[in-house]
Amino acid sequence: MGTLYILNGTQVILRTKGENGKHHTPHVHLFYSGESETMDFDGNIIAGGIDRKKHREIADWAAVNKVYLLEQWEKALRGEKMVSFTEWEANHK
């Protein structure tokens, strides 16, 4: 598990294994102001829910940065260290 990015107070975390150790559809966990949500990389809510405006901000960010999210998902599945979005972005300009 690791924090990938924080956008306007919303923390974006990636976890690859569920309770039974099974891999789920690629997704991120969002945390904002005591609320949480699980969202796939296409912006669809899987579980929970955060403020709609905050969800839209992250969904829009995810749409633009889907390559980054998929790269980090694959790294996590292989047991490799994930890279924060800020670090990744600096290396891809």
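Tell me which of these His92 doesn't satisfy, since it passes every other one: (1) closer than 14 Å to Leu14 by Cα; (2) more than 12 Å from the chain's Cα centre (by Cα); (3) exposed (fewer than 15 other Cβ atoms within 10 Å of the Cβ).
(1)
Within the set of pairs 6 or more residues apart or between chains, which connect a residue that is touching a residue at least 12 places away in the same chain (Cβ under 8 Å) inside the range 60-78 to a residue that is surrounded by fewer than 19 Cβ atoms within 10 Å (Cβ to Cβ) and part of a helix (DSSP H, G or I) with Cβ atoms less than 7 Å apart?
Every condition considered, the pairs that remain are Tyr68/Trp88.
Of the residues Ile13, Ile45, only one is touching a His at 6+ places or on another chain (Cβ under 8 Å), surrounded by 13 or more Cβ atoms within 10 Å (Cβ to Cβ) and within 17 Å of Thr3 (Cβ to Cβ); which?
Details: Ile45 fails: within 17 Å of Thr3 (Cβ to Cβ).
Exactly one of Ile13, Ile45 is touching a His at 6+ places or on another chain (Cβ under 8 Å), surrounded by 13 or more Cβ atoms within 10 Å (Cβ to Cβ) and within 17 Å of Thr3 (Cβ to Cβ), namely Ile13.
Scan the range 44-89 for residues that are basic (Lys, Arg), in contact with a Gly (Cβ under 9 Å, 6 or more places away or on another chain) and at pLDDT 95 or above and jot them down.
Across the range 44-89, the qualifying residues are Lys54, Arg56.
If Leu4 meets every condition in (1) in contact with a strand residue (DSSP E or B) (Cβ under 9 Å, 6 or more places away or on another chain); (2) free of Cβ contacts under 8 Å to residues at least 60 places away in the same chain apart from one, which number is that one?
If we test Leu4 against (1) in contact with a strand residue (DSSP E or B) (Cβ under 9 Å, 6 or more places away or on another chain); (2) free of Cβ contacts under 8 Å to residues at least 60 places away in the same chain, just (2) comes out false.
The values are calculated or read from the model by the stated rules, or taken from the named source; none is laboratory data. Nothing here was measured: the structure is a model prediction, and the numbers come from that model. Methodologically, a virtual Cβ is constructed for each residue, glycine included, from the backbone with ideal geometry; neighbour enumeration extends over all protein chains shown.
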